[in-house]
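The values are calculated or read from the model by the stated rules, or taken from the named source; none is laboratory data. Everything numeric here is computed off the predicted structure, so don't read it as measured data. Here the Cβ positions follow ideal geometry from the backbone for every residue, glycine too, while neighbour counts run over all protein chains shown. Heads up: the accessible areas ignore ligands, DNA and RNA and are worked out on the full protein's heavy atoms, side chains in. Shrake-Rupley method; radii C 1.70, N 1.55, O 1.52, S 1.80 Å.
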Amino acid sequence: MAIRRAKQKAQVIEKLSQVAPAGETFVACVHLETGPSPWLNAIFDEIPVVGLVVALTRKFYFVTLTNSSVVINSANRFTNRPGDIIAAFPIAEFPVSQVKRATVWSRMYVRFPNDAKPRRLNIHRYWRGEFDQLLAALPQAAAEPVQV
């Protein structure tokens, strides 16, 4: 099980390299999770069974920025190993909105293929450097300022 960010990124790059076109370079890789704000976990955990239900309904993803596209692939809930590719978008067409870069948990909404509405994706501060690289490459992702 990969715990360190460098190992997780290496596993994602290894997985994506199998299907990437020749000459594709990997710029940044960010680990994300779906669901309500992770700050609410403290409240959910106090209510019997609700905390477990919320934890089990969360999904985990990696968003990888390459020199020409943004690729989303699943992440295993327990081992964080990268899974199947969910979607790939040209950089200019990445369907991101409502980006909020916060102190600990940032968020953005991404519209996945075949979804009626965008999904909320939460990004922990641990991935801040890569998240900033991703945002810098996306002209359509103007981040709201941090509220202190």
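For region 60-121, what is the charge dipole size about the Cα centre, in debye to the nearest 20, if Lys and Arg each add +1 at the Cβ and Asp and Glu each add -1 at the Cβ?
Numbers: 9 positive and 3 negative charges, 71 e Å.
Roughly 340 debye for region 60-121.
Straight-line cross-link partners of residue 100 among the lysines, defined as a Cα under 22 Å from its Cα and at least 8 positions apart when in the same chain: 59, 117.
Judged by the mean number of other Cβ atoms found within 10 Å, the most tightly packed of the peptides 118-130, 46-58 leads the ranking 118-130, 46-58. The alpha-carbon atoms of region 1-40 define a convex hull whose volume equals 110 cubic angstrom per residue. Helical content alone sets the calculated 222 nm signal of the chain at -6500 deg cm²/dmol, taking -39,500 (n - 2.57) per DSSP H segment of four or more residues and averaging over every residue. With distances taken between every two different alpha-carbon atoms, region 24-84 has a Kirkwood hydrodynamic radius of 13.0 Å.
Between residue 55 and residue 119, the C-beta separation translates, for a Förster distance of 22 Å, into a calculated FRET efficiency of about 0.80.
Taking the 1.4 Å solvent-accessible surface of the chain as the whole, the part contributed by carbon and sulfur is 57%. Under 12 Å between alpha carbons, and skipping anything fewer than 8 positions from residue 15 in its own chain: which aspartates and glutamates qualify? Correct list for residue 15: 84. For the chain, the spherically averaged projection of the C-alpha convex hull amounts to 9.4 nm².
Filter the chymotrypsin sites (Phe, Trp or Tyr not before Pro) in region 51-82 to those in DSSP coil with at most 10 other Cβ atoms within 10 Å of their Cβ, and list the result. List each step's numbers first, then the result.
Values: sites: 60, 61, 62, 78; in loops: 78.
Taking region 51-82 and a limit of 10 other Cβ atoms within 10 Å, the loop chymotrypsin sites (Phe, Trp or Tyr not before Pro) found are 78.
In order along region 29-43, the phi-based Karplus estimate (6.51 cos²θ - 1.76 cosθ + 1.60, θ = phi - 60°) of 3J(HN,Hα) comes to 9, 10, 8, 9, 9, 8, x, x, 3, x, 5, 6, 4, 4, 6 Hz; Gly and Pro are listed as x.
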